[in-house]
Amino acid sequence: MKIIHCPINGPRPLQEFHFGGQVREMPVGSQVSDAEWADYVFNRSGEPGIQREWWYHTASGTWFIAERDCQSDEFIRTYLYGGRESDA
Amino acid sequence: MPETIRQSPLHDRLNSEPLPAADLSAARLGAVGICDVSLLPKLGVKGTGAAGWLAEQWLKVPEEVYASAPLEAGGLIVRLGADEFLIEAGSLDESLAALRERMPGDALHVAPVAREDAGLLLVGPRATEMLLQTCGYEFAKSPDQRFVYTRIAGVSCGVLPQQILGNRGYRIWFDPSYALYLWETLVEIATELGGGMVDAAGMQ
Amino acid sequence: MPHRLLKFGFNKEHPEPRMFHAPAQLKDEYDVVIIGGGGHGLGAAYYLARDYGITNVAVIEKGYIGGGGTGRNTAIVRSNYLTNEGARFYQASIELFQDLSREFDLNLFYSERGHFTLAHSPASLRTQRWRAEVNKHLGIDSEVIGPSEVKRLVPEIDLQCGGHLSPIHGALYHPPGAVARHDAVAWGYARGADRAGVEIHQQTEVTDIEIRDHAVIGVHTDKGFIKTGKVLSAVAGWTTAITPMVGLRTPLTVHPLQAVVSEPLKPWLDKIVVSASLHLYVSQSARGELVAGASLDPYELISMRSTLDFTEGVSSHLVDLFPMLGDIKIMRQWAGLCDMTPDFSPIMGTTPIDGFYIDAGWGTWGFKATPISAKTMAATLAEDKDHELIEPFNLSRFSRWQLVGEKGAASVGH
């Protein structure tokens, strides 16, 4: 069973989580061109390698960030947005 | 003031047909029993002033997140987060309603949270085994009175392990819209394990 | 083993027939390099040779041909899509498929079964009606049928779904829906392309693409550099490893999709049954095995690992739909990669880089589009202009906000 370390609730099985997509910075809509905005809305990095992602622990309602290798499926580390890292 | 009507989300199910093993009393419980305790009054308290205000009400406030403590008047309090608490009364009285009425306004940063959770008790020597079958969290290794958020049979639940009738038992809270599904799923498994439903009266 | 047979086997005068040659080494230069030896890449090579006489072509495949999405899908072909652009495109594909066995002189076991997309709610039934109307308008055989008709055509189905889900309200029925032998499609195109002079290089990996002045000038592989002015990337689930080589950004995210095959059973299911609500689609193969797939794995992953979660889920949903299957055994399971787009339509055609063409975004709908994608991509490469059928699918549609929304017809329903 795949285990993910929730920064609040500790190690839990994958079934308790939802994937929330890559972490991306939203540009200020009024300050970018239509093309830049479309790039933000649609394009993703999608490359094999480590990416920063949003994950959600459903039972407790905790959103957090995971750095994960999307090819080997290895979680490198997890932490709250702008906050503390898990003990993992 | 209108009369409060409180009804378990399992009310219709429990009153619609004779239930198997409905007379299974706690004394004879050799396996696992499930009891609907949704009717116990609950109150959520939230806000940066919540811990301080609860202490002023002479309630014992657990210091760590996910710690819990019994209340002197019966019932218990669980710390769900730095600024969030869940209180469940020990009986059907109106003590929590009174507590809620004493709650100050916004100025002290304390706010009530309506809690309509369904509540189940899982009791008996095979209760832990039952969670092993339905839940990814390893309760055999978790301490008593330490609250855990997890999923049971796919439903997000808050679970408090505690000693009930001389065995490790579990208090489970969850969204009432899943009450019927979770109840029937758990009763089915409990029946396979040689247990079944327990009347709340049998728990006294 | 009889002595004569053994002698025959080792006799060099009667070598085992091969579908295509294995060229000794790469040439220094090709007119076209196609990355990816799946049905799409091999097919594009085939049509480049057949329709345009372009035969100085290399198909570069990192593994073996048909080993990616081509050999990992659940082999369903249908055209009952939601948009004009989509339905027209997939209908053209079906028409090519119907004639492909004859053209290849190779039996693809193309078998028209009738395809049911079950509706478990009034909302779902509404989408099916919409699809049926779009389909009929375009001359595609497609209609909404009620639960009793579903039961009549598939008597084994439990309309109540075991009581675990809302019952079946009806279905979109698409009689031309078919299954085919998917690896044979790759072989057929490979043999045809090979006969015309195309080189197929397996076990060869593209490591970089050389660009000068916004134009492709060559391809680096682990077996050396090849000069070429035209590159087609037809690698579906591995596209996100190729596009950074040319500095192209895409909306693609890659998810695995898993499938299972049961033990062989006597023939009982001659239809293809799909339920989006149960995340399930199932058909019975010519060998009697049930082939069943599910929805995408729930998070991004560029890996073809299998999970127990999936087997449990797909098995329980199979039993919800067909209670009699409770005792059958799962023989094997596997995963394929799905390069998903936001609008559930492919990304095809020219790109801002001269000489770099893309055939990607094949998510869960790639196999059924194999012939038409191959043909239209060949036309696009030969004429350096998007073929009319695939204009709506150009990568630039995202920056133009002109998406081709096929989610209602493409997700789960295969």
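Brief remarks follow.
- Electrostatic tally near C:Ile390: other residues with Cβ closer than 13 Å to its Cβ, Lys and Arg +1, Asp and Glu -1, net -2.
- Take B:Leu76: with every protein chain present and a 1.4 Å probe, its accessible area is about 10 Å².
- Counting only protein heavy atoms and using a 1.4 Å probe, the accessible area of B:Ser142 comes to about 10 Å².
- Unit Cα scatterers, Debye sum, the stretch C:257-414: log10 I(q)/I(0) for q = 0.09, 0.13, 0.15, 0.18 Å⁻¹: -0.37, -0.70, -0.86, -1.06
- Sequence ranges C:33-45, C:73-85, ranked by mean other-Cβ count within 10 angstrom, highest first: C:33-45, C:73-85
- Shielding score for A:8-16, defined as the mean number of other chain Cβ atoms within 10 Å: 5
- Global geometry of the protein assembly as shown, whether rounded, prolate or oblate, following the gyration tensor of its Cα atoms and the 1.5 cut on a/c: prolate
- Ordering A:Met1, A:Gln22, A:Asn43 by the projection of their Cα atoms onto the charge dipole of chain A, which places +1 on the Cβ of Lys and Arg and -1 on the Cβ of Asp and Glu, puts A:Met1 at the extreme positive end.
- Largest to smallest accessible area among C:Asp297, C:Asp158 [probe 1.4 Å]: C:Asp158, C:Asp297
- In chain C, the longest principal axis of the Cα atoms and the axis of helix C:39-52 are about 60 degrees apart.
- Using a cutoff of 8 angstrom between alpha carbon atoms and counting only pairs six or more residues apart, the relative contact order for the stretch B:42-113 works out to 40 percent.
- Distant-in-sequence amide H partners of C:Gly361 (H built 1.01 Å from N, under 5 Å): C:Ile347
- C:Ile157 - accessible surface, heavy atoms, 1.4 Å probe, Å² rounded to 10: 0
- The stretch B:117-204: GluC sites (Glu not before Pro) in DSSP loop, at most 15 other beta carbons within 10 Å: B:Glu138
- Mean sequence separation of contacting Cα pairs (under 8 Å, at least six apart), scaled by the length of chain B, corresponds to a relative contact order of 29 percent.
- Degrees between helix C:182-195 axis and first principal axis of chain C (Cα, 0 to 90, nearest 10): 20
- Taking every alpha-carbon pair within the stretch B:42-113, the share separated by more than 14 Å comes to 54 percent.
- Note on C:Lys230: lysines with a C-alpha under 29 Å away, same-chain residues under 8 apart excluded, are C:Lys27, C:Lys62, C:Lys368, C:Lys375, C:Lys385.
- Comparing mean-square fluctuations of C:Pro175, C:Pro15, C:Pro392 from a GNM of chain C with C-alpha springs under 10 Å, the top value falls on C:Pro15.
- Angle between chain C longest axis and helix C:122-137 axis [Cα atoms, degrees, rounded to 10]: 50
- For chain C, modelled as a GNM whose springs connect Cα atoms under 10 angstrom apart, the maximal fluctuation among C:Lys27, C:Lys151, C:Lys12 occurs at C:Lys12.
- Debye-sum result for chain C in log10 I(q)/I(0), which assumes one identical scatterer on each alpha carbon, at q = 0.06, 0.07, 0.12 Å⁻¹: -0.25, -0.34, -0.95
- Counting only DSSP H runs of at least 4 residues, each contributing -39500 (n - 2.57), and dividing by the residue count of the protein assembly as shown, the helix-based mean residue ellipticity at 222 nm comes to -7000 deg cm²/dmol.
- Kirkwood Rh in Å, taken over the stretch C:1-135 so that all alpha-carbon pairs contribute: 19.1
The values are calculated or read from the model by the stated rules, or taken from the named source; none is laboratory data. This one's a predicted model, so the numbers in the text were calculated from it and none came from an experiment. Backbone-built Cβ (ideal geometry, glycine too); neighbour counts: all protein chains shown. The accessibility values were calculated without ligands, DNA or RNA, using every heavy atom of the protein model including side chains. Shrake-Rupley method; radii C 1.70, N 1.55, O 1.52, S 1.80 Å.
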